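Derivation of every value follows stated rules applied to the coordinates shown; laboratory data play no part. Note that the coordinates shown come from a computational prediction; the quantities given were computed from them, not determined experimentally. Counting neighbours? That spans all protein chains shown, and the Cβs are built from the backbone with ideal geometry, glycine included.
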Amino acid sequence: MNTVLLRNKAQEMRRLIMEGIAEAGSGHPGGSLSLVEIMSYLYFYQAQLHETDPLWPERDRIILSKGHAAPALYAALAAKGYMPHEEMLTLRKLGSRLQGHPDMRKLPGVEMSTGSLGQGLSVANGLALGLRLQNKANKVYVVLGDGELQEGQVWEAAMTAAHHRLTNLMAVVDYNGLQIDGFTGEVKRLEPLAEKWQAFGWQTVTVDGHSFADLYRGFNVERDDRPLVVIAKTIKGKGVQYMENVADWHGKAPSKAQAQEYIEGIGGDVRG
């Protein structure tokens, strides 16, 4: 695992997220920034993806269930070379491929149109079952938000995955502890989260979601006959000091000046 590459890609993605959301004047920076190391790890190490073809039939599937964090997905696709960096400036604009929530009909590399929370794991189940029926080796990765786990459909899907022993399915929870209304523990308590997933029949591991070594450990545990969930403890707004652990940045856009200050602080323009 090339951690230097993964860190560089993570930095590139943070810059793209900040610039895109600032240009749009709206979006969800907090939960996009908390995802960056997870997305970097999936797209540049863990998942089997083609270097130039986002529709390669033998690819692993990555579903962003927490669709409001679309800027993190678009930044990953841009960093992968599946779309131009400059296209991030069209985020949320009329006619853009980069809508506020991902649209699989518009942008190759988006595996599922998401945004109505709670649905991604159900779709991932269907993909994993279909691939298994075709005797395909492809894996399915689904990224969930912690606030999203308050949706009942998630737990119905969790039972289904365990019932069918979908070992080709791996979920990762972006556990940043905040949602639009505040701390998840105050809105609707999730703990004991690992024990909940275990009770639903999943192999469960908890990691530091900003550590590539820890993410490697989580996704590469010795597997048994259960689906795997990686509970990744993260920081909402990670990387932008004034955004970190502040619920207001769930859906509040930085100004262009704030974005430029951030970009200059980490070294130059994103397209440089």
Q. With the chain treated as a Gaussian network of Cα nodes joined by springs under 10 Å, which of G95, G218, G27 yields the largest mean-square fluctuation?
A. G95
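Given R₀ = 30 Å, what would the calculated FRET efficiency be for W56 paired with L94, taking r from the Cβ atoms and rounding to 0.05? Before the final figure, lay out the partial values.
On the way: r = 31 Å, r/R0 = 1.03.
Given R0 = 30 Å and the Cβ-Cβ separation, E is 0.45.
How big is the Cα convex hull of region 8-52 in projection, averaged over all directions, in nm²?
Values: hull surface 14.4 nm².
Approximately 3.6 nm², given one-decimal rounding.
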Q.
Can you tell me the mean projection area, over all orientations, of the convex hull of region 1-116's alpha carbons? Units nm², please.
A. 6.5
Q. When the chain is modelled as a GNM with alpha-carbon springs shorter than 10 Å, which of S65, S34, S116 fluctuates the most?
A. S116
Q: With springs only between Cα atoms under 10 Å apart, run a GNM on the chain and tell me which of L190, L121, L178 wobbles the most.
A: L190
Q: Could you go through region 13-19 in sequence order and give the Karplus-derived ³J(HN,Hα) for each residue, using 6.51 cos²θ - 1.76 cosθ + 1.60 with θ = phi - 60°, rounded to whole Hz, and x for Gly and Pro?
A: 5, 4, 5, 5, 4, 4, 5
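Counting other Cβ atoms within 10 Å, keep those with at most 13, restrict to DSSP loop, and tell me which trypsin sites (Lys or Arg not before Pro) in region 1-110 are left. Could you put the intermediate results ahead of the total?
Details: sites: R7, K9, R14, R15, R59, R61, K66, K80, R92, K93, R97, R105, K106; in loops: R59, K66, R92, K93, R97, R105, K106.
Taking region 1-110 and a limit of 13 other Cβ atoms within 10 Å, the loop trypsin sites (Lys or Arg not before Pro) found are K93, R105, K106.
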(Q) Counting other beta carbons within 10 Å of each residue's own, what order do I17, I38 fall into, fewest first? (A) I38, I17
Q. Among the trypsin sites (Lys or Arg not before Pro) within region 110-207, which fall in a DSSP loop and have no more than 16 other Cβ atoms within 10 Å of their own Cβ?
A. K136, R165, K188, R189
**Q.** Extent along principal axes [Cα atoms of the chain; Å; largest to smallest]
**A.** 50, 43, 36
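For the chain, what does the relative contact order come out to in percent, with C-alpha contacts under 8 Å and a separation of six or more?
Working: 544 pairs, mean separation 64.0, N = 272.
Relative contact order comes out at 24 percent.
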Q: Indicate the gyration tensor shape class of region 61-106 (rounded, prolate or oblate), computed on the Cα atoms with a ≥ b ≥ c the square roots of the eigenvalues: a/c under 1.5 is rounded; otherwise a/b larger than b/c is prolate and the rest oblate.
A: oblate
Q | lysines whose Cα lies under 16 Å from that of K252, excluding same-chain neighbours fewer than 8 positions away | A | K236, K238
Q: Kindly provide the GluC sites (Glu not before Pro) of region 184-259 that DSSP labels as loop, not H, G, I, E or B, and whose Cβ sees at most 10 other Cβ atoms within 10 Å.
A: E222
Q | Overall dimensions of region 118-272 as given by Cα atoms, namely Rg and Dmax in Å | A | 17.7, 52
